[in-house]
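A.B. asks: The structure that follows is given in the form of structure tokens.
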Amino acid sequence: NDQNWSGALKIPGSLNNSGGFAGYADWRLPNQAELASLLEEQCIEPSINATAFPNTANKFLWSSSPDFNNDTATWFVDFKHGATGTVTRDDNSWPIRLVRSVL
């Protein structure tokens, strides 16, 4: 489901509080650097290793990183063309990819 940024921030907590996913309840929205690290430069539409990350949307995905130069914007990663940037938070609805930290 596509969400505005406010909605995207609520999903991990909701998921974790309702029992989690795949046996884990510590999912979170990745920051811009983490999400951008998944980009695969030689791939396009999607710009990700489709074998390792099947069914990735050819869309912008929200990160958890606010734009510190604009208090109404947030960083995104475009998995269609491999770009990153910032955009107004609540005027756009995009999917998310959750991650968890492995220590």
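A.B. asks: Does G13 satisfy the criteria of being open to solvent by less than 60 Å² (accessible area, probe 1.4 Å), without any contact (Cβ under 8 Å) to a residue 24 or more places away in the chain and under 18 Å from N1 (Cβ atoms)?
C.D. replies: Answer is yes for this residue.
A.B. asks: If a residue must be open to solvent by 40 Å² or more (accessible area, probe 1.4 Å), at negative phi and not polar (S, T, N, Q), how many such residues does the stretch 16-30 contain?
C.D. replies: Count: 6.
A.B. asks: Okay, next question. Give the stretch 37-69 a look and list any residue that's touching a strand residue (DSSP E or B) at 6+ places or on another chain (Cβ under 7 Å) and among the acidic types (D, E), or say none.
C.D. replies: Scanning the stretch 37-69 gives E40, D67.
A.B. asks: Residues to consider are A52, A33; find the one that is outside any loop (DSSP other than H, G, I, E, B), of a type in the set (A, V, I, L, M) and exposed (fewer than 15 other Cβ atoms within 10 Å of the Cβ).
C.D. replies: Answer to the check: A33.
A.B. asks: One residue is enough: does the stretch 71-90 have a residue meeting the conditions in contact with a Pro (Cβ under 7 Å, 6 or more places away or on another chain), under 20 Å from N1 (Cβ atoms) and either open to solvent by 40 Å² or more (accessible area, probe 1.4 Å) or acidic (D, E) (or both)?
C.D. replies: Yes, that holds for at least one residue.
The values are calculated or read from the model by the stated rules, or taken from the named source; none is laboratory data. These figures come from a predicted structure and were not determined experimentally. Heads up, the Cβs are rebuilt from the backbone with ideal geometry, glycines too, and the neighbour counts pull from every protein chain shown. Accessible surface areas use protein heavy atoms only, side chains included; no ligands, DNA or RNA. Shrake-Rupley method; radii C 1.70, N 1.55, O 1.52, S 1.80 Å.
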